[in-house]
Structure formats: structure tokens, C-alpha cells
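The values are calculated or read from the model by the stated rules, or taken from the named source; none is laboratory data. These numbers come from a predicted model, not from an experiment. Cβ placement follows ideal geometry from the backbone for every residue including glycine, while neighbour counts extend to all protein chains displayed.
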Amino acid sequence: MTSQTANLTLVTGATGTTGRRVAERLAARGVPTRLASRSASPSFDWADEGTWAATLDGVSAAYLAYHPDLVAPGAVDTVRRFAEQAVKAGVRRLVLLSGRGEEEARRGEEVVMNAGADWTIVRSAFFAQNFSEKGFEEFIRAGVVALPAPEVGEPFVDADDLADVAVAALTEDGHAGQLYEVTGPRLLTFAEAIAEVAAATGRDLEYHRISREEFIANLVEYGLPEETASVFADIFGTVLDGRNAYVTNGVERALGRPPRDFADYARDVAATDAWTP
């Protein structure tokens, strides 16, 4: 049954890199919010359709961040069913986190566009925060960063910028029907990104390119689930072939300001203990 007063904004992936930031910004604006996770009440699990109805009750807008990624097997069909159920439950606005250069992610975008609600797509480059919140920080602490990345430039986007775009789309008029492809302001290879981190921390850091299998084993050793590590490795193998080696104006289109530079991100993280050996 749909609540008579549907005014909550749902944040899926509420404990993740972008969902946590979206939730913080909504709270700062005083927006009534439901944070969706397995540990929340009501509990939410993308893999358990029985949890969806209670999570959607009373919701009018939703931020969709599929875990572990839209390229994961079965993700598109799951997002399609969830989006359709959301619209039937009274959700009028859907904001989807998507990825650049990924065919499965494009299909995920299409199912949200066709669900029947106002939609906004936030198609993202690699997060700068992968270096501080997604496992790479352990490599940096150890002084040796080993990734399966070719020498191709990537316009790393700051997750704070992405969250600002998502919150604007969730709470403001003028973003319905928009696809915001969000990147940082310049291209950096992974070796160059590590050099930026080294400069910000004042440390000597090594960078090595390794195989997919070695990368997965390293992430698992540092505590990531093997499924998540495999999806991450597959992303390296598909989108770093040059197809995304350009910057876009998505952040500026959505917010009216330029995106943050990777050097600014590295400076701010270096001031914390995230990269301390």
C-alpha cells in the first residue's frame, strides 16, 4: 500500500561512496530522507525483492546506486524491476548513478528512462575517492600501488561533485530528462594520479601495472568481497581503452560551477590520516 503522504527521498547505497554524501547533503537541506541498506529499518537489499515495498512506502524521489555496479550480472533487470515498482508505489523522480563507457550501464539508464517517472542520469567517471575509500588507500599506505590500468588518461571525478549533482536533481526543478556526464577538469593516467598523491603527502610512492588476477587477489587480501573486486577489475578491463579519455561539462551544466581538480582532492585527503602509513 502506498502512503497517503509520499514525501520521502530514498537513498540507496546509503553507506557507500556516493550514497553517504547524498544523504548528508539532503539532511543538511532538511529533506525527509530514508536511507536504504541491509542494516536499515526497514531493511533493503537489491537481491531481495521482498524488501522493496516497505522501503518504497512514502517515497516520492529516489537515488539509485546499484551495488556493486550496473555492469554486474543481472543488475539491469533488477534495476528495471525496482524502478517499475517504485513508480507504481508513487515515486515521481528517479536519479540513477551510471558509469561512462559501459554498455550494461547504458541499458540500465534506458530502463530507468522508460520506467514512467521524471528521470535524471548521473554518468560518472572513476571516483577520485577510489584512492582513499575503495581499497586503493591500503596500497598507498604501504607505499606501492599496483593496478591493472593501462597508460590511458582518466578524468577522475570528485564524489563530492557527483553528490552535489545528484542532490540538485533530487531536490530542484530543471533537471528532469537530463543526462549529466560528470568528470574532473583534466585527464590523468593512474601513474600521474599516484604522483599527485605523492606530492600531496610528501612521500615516495611506487606505481606498478599488474594483471587482473593479481589485482583481485590484492583487493580480497585487503578485505573487499571477491565479487566486488571482480567487478572492479572488469571495469578496468573495459573502460580504460581510451573511450573515456576526454573531459565533459556535466558538473558545470548541473551546478553552474567547474568540477574540483584531483590535486585539490589529494591535498584535502593528505590532511587526514587516510594515507598515513
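All conditions in (1) in contact with a helix residue (DSSP H, G or I) (Cβ under 8 Å, 6 or more places away or on another chain); (2) modelled with pLDDT of 95 or more; (3) within 16 Å of VAL144 (Cβ to Cβ) hold for PRO277, with the sole exception of (2). Checked against the criteria, THR171 does not count as surrounded by fewer than 18 Cβ atoms within 10 Å (Cβ to Cβ), at negative phi, touching a Gly at 6+ places or on another chain (Cβ under 7 Å) and in contact (Cβ under 8 Å) with a residue 24 or more places away in the chain. If you go through segment 50-102 and keep only what is farther than 20 Å from THR17 by Cβ and of a type in the set (Asp, Glu), you end up with ASP57, ASP77, GLU84.
Taking helices (runs of 4 or more DSSP H) as the structural unit, those lying wholly within segment 1-97 and holding at least 2 residues that are touching a residue at least 24 places away in the same chain (Cβ under 8 Å) and farther than 24 Å from LEU162 by Cα correspond to 52-56, 75-88. Can you pull out the residues in segment 194-218 that are out of contact with any Lys or Arg (no Cβ under 7 Å at 6 or more places or on another chain), under 26 Å from ARG267 (Cβ atoms) and part of a helix (DSSP H, G or I)? Of everything in segment 194-218, those that are out of contact with any Lys or Arg (no Cβ under 7 Å at 6 or more places or on another chain), under 26 Å from ARG267 (Cβ atoms) and part of a helix (DSSP H, G or I) turn out to be ILE194, ALA195, GLU196, VAL197, ALA198, ALA199, THR201.
Being within 18 Å of GLU138 (Cα to Cα), crowded, with 17+ Cβ neighbours inside 10 Å and of a type in the set (D, E, K, R) holds for only one residue in GLU181, GLU226, GLU206, GLU196, and it is GLU196. Note on segment 152-176: among residues that are outside any helix (DSSP H, G or I) and among the hydrophobic types (A, V, I, L, M, F, W, C), the one that is farthest from LEU97 (Cα to Cα) is VAL152. The one condition from (1) in contact (Cβ under 8 Å) with a residue 60 or more places away in the chain; (2) of a type in the set (Gly, Ala, Ser); (3) over 22 Å from GLY153 (Cβ atoms) that ALA199 does not meet is (3). With respect to ARG29, is the statement that it is closer than 18 Å to GLU172 by Cβ and surrounded by fewer than 16 Cβ atoms within 10 Å (Cβ to Cβ) true? Yes; evaluated as a whole, the condition is true for this residue. Just one of the listed residues (VAL251, VAL220) is in contact with an Asp or Glu (Cβ under 8 Å, 6 or more places away or on another chain), surrounded by 15 or more Cβ atoms within 10 Å (Cβ to Cβ), β-branched (Val, Ile, Thr) and farther than 29 Å from ASN114 by Cα, namely VAL220. Residue check: GLY116 meets all listed conditions (1) touching a helix residue (DSSP H, G or I) at 6+ places or on another chain (Cβ under 8 Å); (2) over 22 Å from PHE44 (Cβ atoms); (3) surrounded by fewer than 17 Cβ atoms within 10 Å (Cβ to Cβ) but one, namely (2). Out of the residues in segment 79-137 that are over 13 Å from the mean Cα position of the chain (by Cα) and among the basic types (Lys, Arg), which is nearest to ASP173 (Cα to Cα)? Of everything passing the filter in segment 79-137, ARG93 is nearest to ASP173 (Cα to Cα). Of all residues in segment 244-271, exactly one satisfies the criterion of being charged (D, E, K, R) and either in contact with a strand residue (DSSP E or B) (Cβ under 8 Å, 6 or more places away or on another chain) or at pLDDT below 95 (or both), namely ARG253.
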